[in-house]
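One structure is given here, and the rest of the page talks about it.
Nothing in this text is a laboratory measurement; each read-out follows from the coordinates by a stated rule. Note that this is a predicted model, so its numbers are computed, not measured.
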């Protein structure tokens with residue numbers, strides 16, 4: 001059972017029935033979805049063309065860019081090509097993250113940094129996912145599309161344990 005956090009002074013958020021200020025700076029798209037900053041991509045494997053997966057992140061309130069996980073599912077060949085073309089001019093030599101991503105995880109294959117191509121954090125991708133892992137990573141991420149209407153520097157991971165945001169809204 002969730003506590004009712006509404007107050008008489010603040011109009012409720014139409015999605016949660018919570019005060020709007022409870023999620024200031026967080027971007028919700030729909031239950032089970034969230035937006036992330038694209039920070040890089042991995043090389044493709046097997047017969048997959050263009051790229052393996054997108055590397056995703058979010059900004060903290062203090063402005064740090066933190067690794068959130070990878071999205072490789074959900075892209076057809078035409079979308080892989082389109083995204084790859086968008087990423088090429090953003091490619092950089094240095095990692096844009098403030099902390100390196102974990103090289104191993106209970107979920108998915110280990111991230112091989114030698115197969116990573118970093119980008120300036122300018123693109124925003126919408127994804128669906130299961131709850132965040134205990135390690136703070138997105139789990140079973142599926143790419144939904146690039147969001148041209150969102151600014152990368154505005155993407156945050158909300159932290160409000162009473163709301164269980166990762167499951168209901170994907171804000172985590």
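Divide, for the stretch 26-157, the radius of gyration over alpha carbons by 2.2 N^0.38 Å, where N is the residue count. That works out to 0.95 for the stretch 26-157. Between the C-alpha center of the stretch 52-70 and that of the stretch 118-139 there is a gap of 6 Å.
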